[in-house]
Amino acid sequence: MNWLDAIILGLVQGLTEFLPVSSSAHIRIVGELTGSTDPGAAFTAITQIGTELAVVIVFWKDIVRILSAWFRSLPLGAKENRVPSSDPDARMGWMIIVGSLPICILGLLFQDAIDTGLRNLWITSAMLIVFGLLLGFVDRYAPQERDLKSMTWKDALLYGLAQAMALIPGVSRSGGTITMGRFLGYTREAAARYSFLLAMPAVWASGLYKVAKVLTGSETIAVGPTIAATIIAFVVGVVVILWFLKIISTQSYAPFVWYRIAIGILVALGLLSGLLSPLGTTPAA
């Protein structure tokens, strides 16, 4: 991977991570089109650290408040200073932990498939279209009645299972969790906010795990270009989060649904024509 490829892929990561369009699918597709083939799961996981730093910046006050309440709800200190477990912020901390379990467990169990077979572009194309249609259906017909204070343990687990589906490129971490949130009746903004917060433990764990594998020599990446892509993803990610939260307060997810379907069809056409290779090997000229 050269520096230009890294800049392009960093921009793509920052632009798509928080939108329900699948950043991993876009990284996979653009990587192939730029001639660098599939950038790999390690590159994707590490650049996602940049976009999660954007979440930390935008939601800093929420994160500090939730972490503070969660720690103070633990039976560690003086009882008179303890926050009740029913406190909304303390509960949100536990909800994020519960919601993070499925992707952590499944990510470890199916690591080899995630790094290889599931990155097949035929699967990516199908997931873009199928989950785009699901998002469009629930966003149109599900009620918008609930906020995050009404979240239950069942909701947190279902959110977590939806996030785990994003281990397959094309599903979309934000798309899967937002779809589940809308199915459960949460408002568009509430579904998106929890989606961003829920992603943090899993993305940080995945990214740091891949960093450790690179440092130990188990996996290799182009270090300089990957760092550059991560920084670019962070800067662009901050802008995208602020823009996305603003537009969903007044608009539906329909534009993203149509975009997913269009990209899914284009990927399928690219595969049929030989422009794209299913498993990431650039076709011979």
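The values are calculated or read from the model by the stated rules, or taken from the named source; none is laboratory data. The shown structure was predicted, so the numbers you read here are calculated from the model rather than taken from an experiment. FYI the Cβ positions are ideal-geometry reconstructions off the backbone, even for glycines, and counts take in every protein chain you see.
Looking at SER73, SER86, which one is out of contact with any His (no Cβ under 9 Å at 6 or more places or on another chain), farther than 30 Å from VAL12 by Cβ, buried (at least 19 other Cβ atoms within 10 Å of the Cβ) and modelled with pLDDT under 90? Break it down stepwise before answering.
Details: SER86 fails: buried (at least 19 other Cβ atoms within 10 Å of the Cβ).
Exactly one residue qualifies, and that residue is SER73.
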**Item:** Condition met for LEU108 (of a type in the set (A, V, I, L, M), closer than 30 Å to ALA90 by Cα, part of a helix (DSSP H, G or I) and out of contact with any helix residue (DSSP H, G or I) (no Cβ under 8 Å at 6 or more places or on another chain))
**Value:** yes
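Is it the case, given these coordinates, that ALA142 is surrounded by fewer than 19 Cβ atoms within 10 Å (Cβ to Cβ) and either at pLDDT 85 or above or among the small types (Gly, Ala, Ser) (or both)? Steps first, answer last, please.
On the way: surrounded by fewer than 19 Cβ atoms within 10 Å (Cβ to Cβ): yes; either at pLDDT 85 or above or among the small types (Gly, Ala, Ser) (or both): yes.
Taking the combined requirement at face value, the residue satisfies it.
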**Request:** Filter the stretch 91-114 down to the residues that are surrounded by 15 or more Cβ atoms within 10 Å (Cβ to Cβ) and modelled with pLDDT under 90, then identify the one that is nearest to ALA190 (Cα to Cα).
**Result:** ILE103
**Message:** Six or more apart or on different chains, Cβ atoms under 9 Å: show the pairs whose first residue is in the stretch 208-228 and small (Gly, Ala, Ser) and modelled with pLDDT of 80 or more and whose second is assigned to a helix (DSSP H, G or I) and surrounded by fewer than 17 Cβ atoms within 10 Å (Cβ to Cβ).
**Reply:** GLY224/TRP3; ALA228/TRP3; ALA228/ILE7
**Prompt:** Is it true that some residue in the stretch 79-88 is touching a Phe, Trp or Tyr at 6+ places or on another chain (Cβ under 9 Å) and assigned to a helix (DSSP H, G or I)?
**Reply:** no
**Message:** Considering only residues that are surrounded by 18 or more Cβ atoms within 10 Å (Cβ to Cβ) and of a type outside the set (Lys, Arg), which ones fall in the stretch 191-203?
**Reply:** ALA191, ALA192, TYR194, SER195, PHE196, LEU197, LEU198, ALA199, ALA202, VAL203
**Request:** Within the stretch 228-273, track down each residue that is out of contact with any Ser or Thr (no Cβ under 8 Å at 6 or more places or on another chain) and basic (Lys, Arg).
**Result:** LYS246
**Options ILE221, ILE231, ILE263; residue that is touching a Gly at 6+ places or on another chain (Cβ under 9 Å) and outside any helix (DSSP H, G or I)** = ILE221
**Prompt:** When you scan the stretch 198-214, how many residues do you find that are closer than 14 Å to GLN111 by Cα and not small (Gly, Ala, Ser)?
**Reply:** 3
**Request:** Give just the number: which of (1) assigned to a helix (DSSP H, G or I); (2) at positive phi does TYR209 not satisfy?
**Result:** (2)
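Residues are listed down the side, and each one gets a yes or a no for (1) among the acidic types (Asp, Glu); (2) assigned to a loop (DSSP other than H, G, I, E, B); (3) closer than 21 Å to ALA45 by Cα:
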residue: GLY170; (1), (2), (3): no, yes, yes
residue: ARG182; (1), (2), (3): no, no, no
residue: GLU189; (1), (2), (3): yes, no, no
residue: THR226; (1), (2), (3): no, no, yes
residue: GLY237; (1), (2), (3): no, no, yes
